[in-house]
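What follows is a short report on a single structure.
Derivation of every value follows stated rules applied to the coordinates shown; laboratory data play no part. Keep in mind that this is a model prediction, so the values were computed, not measured. Using ideal geometry, Cβ is built from the backbone for each residue, glycine included, and neighbour counts are taken over all protein chains shown.
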Amino acid sequence: MHWWIPTNASSYGGDVDRIFYIILYITGFVFLVVEGGLLVFLVRYRRREGRTAAYIHGNNTAEIIWTTIPAVIVVMLALLSQKVWSTVKDPAHFPADAIPIGVHVKQFEWQFTMPGPDGKLGTDDDIFRKNELHLVVGRNYAVQLTSQDVIHSFFIPAFRLKQDVVPGMTIVAWFRPILTGAFDLACAQLCGVGHYRMQATVYVHSAEDFARWQTAQGAPATAAPVATDTTMGSMAMPHSGGTR
Amino acid sequence: MTAAAAPHDAGLHAGHDDRPWLRRYVFSTDHKTIGIQFLFLSLTFLLLGGLMAMVIRWQLGFPGTPVPGGSILPDAMAPGGVIRPSFYNALVTMHGTFMIFFAVMPLLTGVFANYLIPLKIGAPDMAFPRLNMWSFWLMIPAGTLALAGFFVEGGSAASGWTAYAPLSNSPLYTGVSAGQILWCVAIIIFGASSLLGSVNYIATVVNLRAPGMTWMRLPLSVWALFITAILALLAVPILAGAIIMLLFDQVLGTHFYLPTGGGQPLLWQHLFWFFGHPEVYILILPAMGIVSDVIANGSRKPIFGYTSMVFAIGGIAGLGFMVWGHHMFVSGMNPTLGTSFMASTMLIAVPTSIKVFNWLGTMWRGNIHFHVPMLNAIGFLSMFVIGGLSGIFMAATPVDMYIHDTYFIVAHIHYVLFGGSLFAAFAGIYYWFPKMFGREMHDGLGRWHFGLTFVFYNLTFFPMHLLGLGGHMRRLYDPTQYPFLAPMQPINVFVSVSAFLLMAAQLPFVWNFFWSLFRGPKAPLNPWRDNSLEWTVPSPPPHGNFVETPTVYRGPYEYSVPGEPEDFLPQDRPAPARQEAH
Ligand SMILES: [Cu+2]
Ligand SMILES: [Cu+2]
């Protein structure tokens, strides 16, 4: 039975996990100190005959200490988080060689448009699939997320990536798979009566495997798609509102 | 009597009560009656919300099997007792709606602000008793309309208590039309009730404090309720405005949130969470206030760092308006904005830890009496710490990207609103029950209730953190559909069984409440040996509260003052030492 974060399968997932563990250790320590202190006080200062509570109204030094320490810790956490966050979400930091993939969603279906051997979307060799996405390990991908009806959320737990898909917007998210295998893709935002079964599978292939799969789709057998610089430039950035 | 003049009306002198029965018990303008009315109403809604949670947990623990006793449900909800996905979504929506708007919020503000503020500040009643009466009576249609959704064509609202547009905009997306409209109208009426209450609490605290009751002598419960009222006054109109626009989208064909007509789905989220985050503090600040009073009393010690406690309440409230975007990190909002909301959110850890450490400081070198309210206050403190710490995970943008919309968030909110708000509400009910009804609650039953609730509460909600870390999405009708979630199903079963036991653990409370109401022993004048003004008048206090307006000489936390014969020193006792109370 698994009950913890699944094995990471993306390039930045390790950084996300690292911040998670840093926060876990810090909050775990604070938890032990506070709850431990509470327990000690409850036992040590429990009501006893003849005891009188100390008549104390406070202590300014103590107030300053427990104001400053949390402030320093959270500022540090914010700085650490900011680095990873901008790597993942800031369009300025997206890899330039990312292969574009069209992800159009509607209740309760994922529609993937993957480029054919030319590495470009919107050409004749595009491969269209419902609820299955095929990728090559070690390549950068940029998914262009659009929705036909309501808000859905593109969630690949193994990649540590979640991005809402909002009607009226084209939102781009990127990732680089680092492990081969089949991974679950889930809709994470309540989107109606079939929300619970709005799932897809992400197949991460080795380059050879992918070539074989691509051939089976009727496309000429060449190397895995190579992205060109123009693909990145043609992509809409978040908030641009256009659709492809 | 006119509302404005009421508090100084001659008819309000304590002891003279010739109101007809209907004005006395039903359409009463007496803050105490209204507080008690809110108590019965919010506990009823709490029970309803709890029952909905039980059905949700049945489906999650044992998906696709008939709910025991579920055959009484109509086929549109659960044919043969097996819950439909649409009914599940409706339950999830209404559980959140009822718990937040109709159970916990009226339980904390409706009950305790109404009952305690005038008594604790030495006033005969609220500043606007009639508004106060309206604030209660509006809650009845609000709750009823929300509940009515279950019985109309298409079922109740099913777009979550957050009602994200455009899911909530159109029956095209959910199959719900009348139910969603009823939800909107119910929340708008609830908003009116909340606003009437808020202006009243604010006006009362500002204007009706007894002589000598300076701001820095106010009990922290009153401070917290006062600042909560300001929060509600500023936040609730935003919600009402947002919902009125949603209603227009539904019935008038406007496009505020519909991209097809140039609207913005994210506008709803900005408006909703601009209300929604302060709302979390509306639900927790009164709890912090109640617990501060109870912990000082239980420890027989002055509250540690009173001034910083007051400023921390203000700090939490102020920051509360600058952090709403932390609910929207992955919404498609500009990621740079996400960073600024992360920074402001992280800062909330500062005033929050001030409060936690000051509560610990209050117990330090105290003489701790483990009475039932104190046990619940300790329950609050230990559980709120977990809820506060788990919030830091969500505040960190990269981690939130993973745990957003998972059971981690469900665990967090329940540690804050059950572990926090509800334990404090129980502390408050046990503490002021003797004041409200003149009778004591049964001590042993109270201890059993606390102990069982504490254990099963943790067994229910702690494993949800693990589900969330495993990637388990919230609002998911059948988790076993997903290959990566199916192996975690034993945790879901465990959580469900614990939840049923948690519900059962409330039976001693219900029994104790009603038994004590009629059979409890008569309460002494000051059962907890407390300093606050409400314990200087009989229980229950007469109409008009004080025979003579009290004069206040000191703050409410003067416990164990050296040289005093007793370990408490009431606020209205004139000279510091060796003086008999009169
Ligand atoms: Cu969806
Ligand atoms: Cu928030």
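Some observations on this one:
- When the square roots of the Cα gyration tensor eigenvalues are ordered a ≥ b ≥ c, the ratio a/c for the protein assembly as shown is 1.5 or more and a/b exceeds b/c, which makes its shape prolate.
- Aspartates and glutamates whose Cα lies under 15 Å from that of A:LYS89, excluding same-chain neighbours fewer than 8 positions away: A:ASP15, A:ASP164, B:ASP400
- When you restrict to C-alpha pairs under 8 Å that are six or more residues apart and normalise by the size of chain B, the relative contact order lands at 17 percent.
- Counting only GluC sites (Glu not before Pro) that DSSP places in a loop and that have at most 13 other Cβ atoms within 10 Å, the longest clean stretch of chain B runs over B:154-547.
- Rounded to whole numbers, the Karplus 3J(HN,Hα) couplings from phi for segment B:353-368 are 6, 4, 5, 4, 5, 5, 5, 4, x, 5, 6, 4, 6, x, 10, 6 Hz, using 6.51 cos²θ - 1.76 cosθ + 1.60 with θ = phi - 60°, and x at Gly and Pro.
- Cα-projected label distance for B:ASP443 with B:ILE72, points at 7 Å along beta-carbon direction, nm: 3.9
- Cα centroid separation, segment B:183-212 to segment B:143-179: 28 Å.
- Positive-pole candidate from A:LEU24, A:GLY119, A:ASN140, dipole of chain A, charges at beta carbon: A:LEU24
- Using the Cβ of B:ARG439 as centre and a radius below 9 Å, the other residues enclosed give a net charge of +1, where K and R count +1 and D and E count -1.
- Over the residues of chain B, the helix contribution to mean residue ellipticity at 222 nm works out to -19000 deg cm²/dmol, using -39500 (n - 2.57) for each DSSP H run of at least 4.
- Placing +1 on each Lys and Arg Cβ and -1 on each Asp and Glu Cβ, with no other charges, gives segment B:357-453 a dipole about its Cα centre of roughly 360 debye.
- Ranking of B:TRP324, B:TRP183 by count of other Cβ atoms within 10 Å, fewest first: B:TRP324, B:TRP183
- Legend: distances between Cα atoms for B:LYS301/B:LYS522; A:LYS106/A:LYS130; B:LYS32/B:LYS435; A:LYS120/A:LYS162; A:LYS83/A:LYS162; A:LYS106/A:LYS162; pairs beyond 21 Å are B:LYS301/B:LYS522; A:LYS120/A:LYS162.
- Computed FRET value (nearest 0.05) for B:ASN334 with A:TYR25, which takes r as the C-beta separation and R₀ as 22 Å: 0.10
- When B:VAL495, B:VAL199 are sorted by how many other C-beta atoms sit within 10 angstrom of their C-beta, beginning with the fewest, the order is B:VAL199, B:VAL495.
- Among B:VAL416, A:VAL137, B:VAL222, A:VAL33, the ranking by other beta carbons within 10 Å of each residue's beta carbon, starting with the fewest, stands as A:VAL33, A:VAL137, B:VAL416, B:VAL222.
- Leading residue at positive end of dipole, the protein assembly as shown (Cβ point charges), from B:PRO118, B:LEU73, B:ALA486: B:PRO118
- For segment A:160-187 versus segment A:62-78, the spacing of their alpha-carbon centroids is 35 Å.
- Peptide A:191-204 - average C-beta neighbours from other chains (10 Å radius): 5
- Amide H contacts of B:ALA127 (H built 1.01 Å from N, under 5 Å, at least 5 apart or other chain): B:THR204
- The B:THR549 and B:TYR25 beta-carbon pair, evaluated with R₀ = 25 Å, returns a calculated FRET efficiency of approximately 0.45.
- In order along segment B:152-161, phi translates into HN-Hα couplings of 9, 3, x, x, 7, 3, 9, 10, x, 5 Hz, rounded to whole numbers, per the Karplus curve 6.51 cos²θ - 1.76 cosθ + 1.60 with θ = phi - 60° and x for Gly and Pro.
- Annotation: amide H-H contacts under 5 Å for A:ILE99 (H modelled 1.01 Å from N, sequence separation of 5 or more, or interchain): A:ASN140, A:TYR141, A:ALA142.
- Amide H to amide H distances under 5 Å link A:SER10 with A:ILE178, where only residues 5 or more positions off or on other chains count and H is placed in the peptide plane.
- Neighbouring partner chain Cβ atoms per residue of B:342-352, average, 10 Å criterion: 5
- Overall, chain A carries a charge dipole of about 1080 debye about its Cα centre when +1 sits on the Cβ of Lys and Arg and -1 on the Cβ of Asp and Glu, all other atoms neutral.
- From the alpha carbon centroid of segment A:7-38 to that of segment B:334-374 is 19 Å.
- Of all DSSP bridge pairs formed entirely within the protein assembly as shown, close to 70 percent run antiparallel.
- The mean number of Cβ atoms from other chains found within 10 Å of a Cβ in peptide B:84-90 is 3, as a whole number.
- FRET efficiency estimate (nearest 0.05) - Cβ-Cβ, B:LEU233 to A:ALA71, R0 41 angstrom: 0.90
- 3J(HN,Hα) from dihedral phi, segment B:333-348, Karplus parametrisation 6.51/-1.76/1.60, rounded to Hz, x for glycine, proline: 5, 3, x, 5, 4, x, 5, 5, 5, 5, 4, 5, 5, 4, 5, 4
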